[in-house]
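Only one structure is covered here, and it is reproduced in the block below.
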Amino acid sequence: PHAQAAALLATRVTRAAPRACVCLFASMESLKWLWVLLAARVAAEAPKLTYFNVAGRAELARLYAAVGNLTIVDSTDTSGYKTKTPSGYVPVIAHAGLFPSCAFEYGCLQESLAIERYVRDIAPGFLALSPQQRAVDDMFAQIKEDILQGVEDRGAIRPPAAINATFAQYLRVLELFVPESGFVHGRTFPTGADLAVLVALRAGFPFAQALEAAHFDVATRYPKVDALAARTAAAPTVAAYLSKSKTFYARHSSGSVL
């Protein structure tokens, strides 16, 4: 998977290279091979993702890797993370080419949305997505993040009133855009939009826990969104991931986790 990602990444970057760079090379062919070498170095090792052993802010990145055929090191060893990351929190990802001078043990690329996009953009299975499709996937991912912030507070589930208001606000929007059948982009496999819906409705902490605490009936109130989550969970690559995941369905009782 990493070799395939390297080749495709090199092609994409070469096509996008500014014309001004051409003068530095004898030909576009030499520019292409430079990027092949750089991309091969990046692809030589698996990215290492570090996050707690719950879904939270890392599950979409994990799913991107699983569905996109990208091998990652999924570490839930967060001991000492406050001093082993630039901002003192997780998720964080380390990979060749990301902040070459990074001095933090767990890596230097932070912010969940940035991590999700990075994993998606180097995963072989998603390299053919158009800019428009990527933008839609990012919108759904941001909505997932907004839901998380609305239902969780410092490792604890918020009161039912807040949970109901949050899910109603955002699922109403998603219900407008999800299809009656198939996946959001009409492909034969789920992409970020579908995976974000799955996380927001089915992942244990904090999403499913919050829905249960508030007795929020998604299937009745937002049937299209609920059906999309079910279809996404049944997709072969997703089902295979869910069958062995130790984080997707994990629950959390109390304390600071996210």
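The values are calculated or read from the model by the stated rules, or taken from the named source; none is laboratory data. Nothing here was measured: the structure is a model prediction, and the numbers come from that model. Cβ: placed from backbone, ideal geometry, glycine included. Neighbour counts: every protein chain shown.
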| said: On the basis of being free of Cβ contacts under 8 Å to residues at least 12 places away in the same chain and of a type in the set (D, E, K, R), does residue 187 make the cut? | reply: yes
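Suppose the filter is more than 19 Å from residue 241 (Cβ to Cβ), modelled with pLDDT of 95 or more, of a type outside the set (Ser, Thr, Tyr) and touching a strand residue (DSSP E or B) at 6+ places or on another chain (Cβ under 8 Å); does residue 47 pass it? Quick ask: steps written out before the conclusion?
Working: more than 19 Å from residue 241 (Cβ to Cβ): no; modelled with pLDDT of 95 or more: yes; of a type outside the set (Ser, Thr, Tyr): yes; touching a strand residue (DSSP E or B) at 6+ places or on another chain (Cβ under 8 Å): yes.
Considered against the rule, which asks whether it is more than 19 Å from residue 241 (Cβ to Cβ), modelled with pLDDT of 95 or more, of a type outside the set (Ser, Thr, Tyr) and touching a strand residue (DSSP E or B) at 6+ places or on another chain (Cβ under 8 Å), residue 47 comes out as no.
Condition first: within 17 Å of residue 58 (Cβ to Cβ), among the hydrophobic types (A, V, I, L, M, F, W, C) and in a helix (DSSP H, G or I). Now tell me which residues in region 228-254 satisfy that. Give the steps one after another, and end with the answer.
Narrowing region 228-254 to residues within 17 Å of residue 58 (Cβ to Cβ): 238, 241-242, 244-252.
With among the hydrophobic types (A, V, I, L, M, F, W, C) added as a condition, the list becomes 238, 242, 248, 250.
Answer for region 228-254, where residues must be within 17 Å of residue 58 (Cβ to Cβ), among the hydrophobic types (A, V, I, L, M, F, W, C) and in a helix (DSSP H, G or I): 238, 242.
Can you say whether residue 225 is over 16 Å from the mean Cα position of the chain (by Cα), crowded, with 21+ Cβ neighbours inside 10 Å, in a helix (DSSP H, G or I) and not basic (Lys, Arg), as far as the supplied structure shows? Please lay out each step first, then the result.
Values: over 16 Å from the mean Cα position of the chain (by Cα): yes; crowded, with 21+ Cβ neighbours inside 10 Å: yes; in a helix (DSSP H, G or I): yes; not basic (Lys, Arg): yes.
In short, yes.
Identify all residues within region 188-222 that are among the aromatic types (Phe, Trp, Tyr) and either outside the structural domain of residue 174 (by TED's automatic domain parsing) or more than 17 Å from the chain's Cα centre (by Cα) (or both); write none if there are none. Reasoning before the result, please.
Taking region 188-222 first, the residues among the aromatic types (Phe, Trp, Tyr) are 189, 205, 207, 216, 222.
The answer is 216, 222.
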| query | Does region 175-191 include one or more residues that are surrounded by 15 or more Cβ atoms within 10 Å (Cβ to Cβ) and touching a His at 6+ places or on another chain (Cβ under 8 Å)? | reply | yes
| task | For residue 128, indicate whether it is among the aliphatic types (A, V, I, L, M), without any contact (Cβ under 8 Å) to a residue 12 or more places away in the chain and either surrounded by 16 or more Cβ atoms within 10 Å (Cβ to Cβ) or out of contact with any His (no Cβ under 6 Å at 6 or more places or on another chain) (or both). | result | yes
| Boolean, residue 158 is farther than 23 Å from residue 194 by Cα, surrounded by 15 or more Cβ atoms within 10 Å (Cβ to Cβ) and either in contact with an Asp or Glu (Cβ under 6 Å, 6 or more places away or on another chain) or not assigned by TED's automatic domain parsing to the domain that holds residue 64 (or both) | yes
| Selected residue (criterion: surrounded by the fewest Cβ atoms within 10 Å (Cβ to Cβ)) from residues of region 79-99 that are of a type in the set (Gly, Ala, Ser) and assigned to a loop (DSSP other than H, G, I, E, B) | 79
